[in-house]
Every structure is written in C-alpha cells, then in structure tokens.
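First the structure, in the form of structure tokens, and then the observations on it.
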Amino acid sequence: AGGEDYPWRDWVPPRCHHPLRRGDRLYVSYWHHGFFILDIADMAKPTLISSGNTSASFPHPTHTCLVVPEPLKGRRIMVVADEDVAKLYPAAPAFTWIYDITEERYPVPIATFQVDGIDRDGSPQPAMTGCHQPSERFHGTLIPFAWFAQGLRILDIADPFQPREVAHFVPDAPAGSERASSNDVTIDSRGLIYLIDRQRGVDIIETSVF
C-alpha cells in the first residue's frame, strides 16, 4: 500500500497468512518470509518488534504463531507451526517449533516436535503428510493440532523444552483416498474437539486428557 518492495522467494510471493492478536501485540505468520511480532498499541501505526525466518533452510511456509498466555518454566512461549505445503524443494514433512519470546526482540527456538515415525530418515515425502496448524483454543498446556495425514495430535508443552504427544486420533480415509487430510481443529467449552478433514467432513471427538 505504501510502495514497499516485496521480494519473492523462488516462485513463492510473500503473504500474510494467519495473524493472531493478543493484547497490543500481533503475531503474524508470513508464509515463506517467516513470522513478525508487531506492536499494535496504536492500530493506525503498527511497529515491528522482531521477526524470525527458518526458510529456506527449512522449506515449509510458516502458518501460525500461537502465544501461550501464561509463563512456562518462567519463560514466555510461542508455538510456531509450519504448514506441509508449497515446499521450496522436496523435503521431509513439516513440523512445529517452540520459541522463547521472553525477550520479544530476540525470539529463540528452543524445541521442535514431529509425529513419531513419519520422518525416519529425512527423505522427501508428499505434501500434506506433516503439520498444518494448532487450535487457537486449547486447555492449559495441552494443544490440539491438525497434522494433515497424521490426523489429530494433542501436545503437552508444560515443559516447553520437551513437547510431547499425549493423545492422537487419525480419521478413516475418505472413499477414493489413501489417507486422511486433517485441516483444522478447535475445541469448545466442554472440551469436545472438532477436527475438520479437507475431504470427508467433521469428526467430533472426546478425550480424557483434558
């Protein structure tokens, strides 16, 4: 809008994909240009606090930056999900990152999580095998994720240096497909989980971990 220069990365244009607001901060995922933390105390004049970008060392676009409202282990934590599509080059499935943003000018990656067994040797795999996005609503330190072909994955990040899976559910593949394609997930006030598949509709799931 202001005549800024927006360089493409290989064949992929930059784009704001999934911004989330918390108070006077906006946490913006910007696809293959990483993420940005903005001060929006003055909504008419947002200012940049910091940014981070793991592309193209890791070829997946940044989808979601989800900030945990309460400190964990004395640190402010942000969960950053990469989406397993539009890879810059053939690669293993996308995963999620855990960042320490206690000093928000200098975000520091402190851990990652990948579903066990889907990346045995780092070899390239088809798109929509790995991570898509976390639920913006979660229960304490338990965060549901839509993990494309791996279905629902619930992570416990109570120890942000060692995120771990505590539950999972993989929907049946729809007719004509070899695998699920879990795209979105959320929870309601009762703790029911709503898992949306790109091809077969919605599963409503109960869990005992909440």
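Quick look at the values:
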{"read-out": "Qualifying residue in the stretch 116-125 (condition: among the hydrophobic types (A, V, I, L, M, F, W, C) and touching a Gly at 6+ places or on another chain (Cβ under 7 Å))", "value": "yes"}
{"read-out": "Cβ pairs under 8 Å, 6+ apart, first in the stretch 11-36 and closer than 22 Å to R105 by Cβ and at pLDDT 95 or above, second surrounded by fewer than 14 Cβ atoms within 10 Å (Cβ to Cβ) and hydrophobic (A, V, I, L, M, F, W, C)", "value": "D24/A41; V28/C16; S29/C16; F36/L48"}
{"read-out": "Some residue of the stretch 172-191 being within 14 Å of V79 (Cβ to Cβ), at pLDDT 95 or above and in contact with a His (Cβ under 6 Å, 6 or more places away or on another chain)", "value": "no"}
{"read-out": "Residue ranges of strands (runs of 3 or more DSSP E) in the stretch 118-210 with at least 1 members among the small types (G, A, S)", "value": "142-146, 164-169, 182-187, 201-205"}
{"read-out": "Subset of the stretch 194-210 that is among the hydrophobic types (A, V, I, L, M, F, W, C) and within 17 Å of C131 (Cβ to Cβ) - its residue that is surrounded by the fewest Cβ atoms within 10 Å (Cβ to Cβ)", "value": "I196"}
{"read-out": "Residues that are under 20 Å from H63 (Cα atoms) and of a type outside the set (S, T, Y), drawn from the stretch 181-195", "value": "N183, D184, V185, I187, L195"}
{"read-out": "Whichever residue in the stretch 35-51 is surrounded by 20 or more Cβ atoms within 10 Å (Cβ to Cβ) and out of contact with any Lys or Arg (no Cβ under 7 Å at 6 or more places or on another chain) and, among such residues, is nearest to K87 (Cα to Cα)", "value": "F35"}
{"read-out": "Residue in the stretch 41-53 that is among the charged types (D, E, K, R) and under 13 Å from I101 (Cβ atoms) present", "value": "no"}
{"read-out": "Residue match in the stretch 110-132 (condition: of a type outside the set (D, E, K, R), in contact with a strand residue (DSSP E or B) (Cβ under 7 Å, 6 or more places away or on another chain) and under 14 Å from V67 (Cα atoms))", "value": "no"}
{"read-out": "Members of the stretch 13-51 found to be part of a strand (DSSP E or B) and among the basic types (K, R), listed by number", "value": "R21, R22, R25"}
{"read-out": "Residue count, the stretch 68-92 (criterion: without any contact (Cβ under 8 Å) to a residue 40 or more places away in the chain and within 21 Å of R120 (Cβ to Cβ))", "value": "4"}
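The values are calculated or read from the model by the stated rules, or taken from the named source; none is laboratory data. Quick caveat: nothing in here was measured; it's all calculated off a predicted structure. Neighbour counts run over all protein chains shown; Cβ positions are idealised from the backbone, glycine included.
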